[in-house]
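A.B. asks: So that we are looking at the same thing, I have put the structure below in structure tokens.
The values are calculated or read from the model by the stated rules, or taken from the named source; none is laboratory data. Since we're looking at a predicted model, the values are computed, not measured. Backbone-built Cβ (ideal geometry, glycine too); neighbour counts: all protein chains shown.
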């Protein structure tokens, strides 16, 4: 984890995102139906202040996640050596659109919403990410900036990897890079398809609250 010179303080976000019909990925990586109706307010946090969550070892969690279960055991162990388990409370903001992406994470429990700012409509939820899928893939793709705002929609546990550390590991370990990059590329391809479907819905003017 990154340790800033000064403690990072949690900040309350002054906004509550506008929402449309939220496409989401199910636990097997396929597109799932929209979530139940409801609303959620967001507050901003600093992940550097979190502590590891109890339970399985990180490599065991990676073996159980659909995104990383096909990786070799040695690759999962390498990732576990530079990662940690991080619990996130519902409503907390993990990253903001346009800000530097400091980490890559895999959702192990709970779910998070991806929001983008749409002119004259404010924050719109375009996708929800379910257990097993990735958040913060832009941490390994220049210019390393978030493409959306990420908000925890329920209590969530992440397998958390600091961006600079992960990039350094991928640069120095070709075998790790050869296994991990195709997995991430596949996840991004699914993400783009889900986002495309959601944007088609958004501009069709069918306003359905997803939660």
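A.B. asks: For the stretch 56-65, enumerate the residues that are out of contact with any strand residue (DSSP E or B) (no Cβ under 7 Å at 6 or more places or on another chain) and not in a helix (DSSP H, G or I).
C.D. replies: 56, 57 - these are the residues of the stretch 56-65 that are out of contact with any strand residue (DSSP E or B) (no Cβ under 7 Å at 6 or more places or on another chain) and not in a helix (DSSP H, G or I).
A.B. asks: Quick one: is residue 153 more than 22 Å from residue 57 (Cα to Cα), at pLDDT 95 or above and touching a strand residue (DSSP E or B) at 6+ places or on another chain (Cβ under 9 Å)?
C.D. replies: When the stated conditions are applied, residue 153 passes them.
A.B. asks: Let me ask another. I'd like to know if the stretch 157-180 contains one or more residues that are modelled with pLDDT under 95 and either more than 24 Å from residue 92 (Cα to Cα) or surrounded by 19 or more Cβ atoms within 10 Å (Cβ to Cβ) (or both).
C.D. replies: no
A.B. asks: Just to be sure I understand, how many residues within the stretch 106-129 are closer than 20 Å to residue 70 by Cα and either surrounded by 22 or more Cβ atoms within 10 Å (Cβ to Cβ) or within 9 Å of the chain's Cα centre (by Cα) (or both)?
C.D. replies: Number of matching residues: 4.
Conditions tested, residue by residue: (1) at pLDDT below 50; (2) in a loop (DSSP other than H, G, I, E, B); (3) more than 24 Å from residue 175 (Cα to Cα).
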| position | (1), (2), (3) |
| --- | --- |
| 22 | yes, no, yes |
| 28 | yes, yes, yes |
| 51 | yes, yes, yes |
| 67 | no, yes, no |
| 77 | no, no, no |
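A.B. asks: Assuming residue 143 fulfils every condition listed in (1) more than 17 Å from residue 187 (Cα to Cα); (2) assigned to a loop (DSSP other than H, G, I, E, B); (3) in contact (Cβ under 8 Å) with a residue 60 or more places away in the chain apart from one, which condition is it?
C.D. replies: (3)
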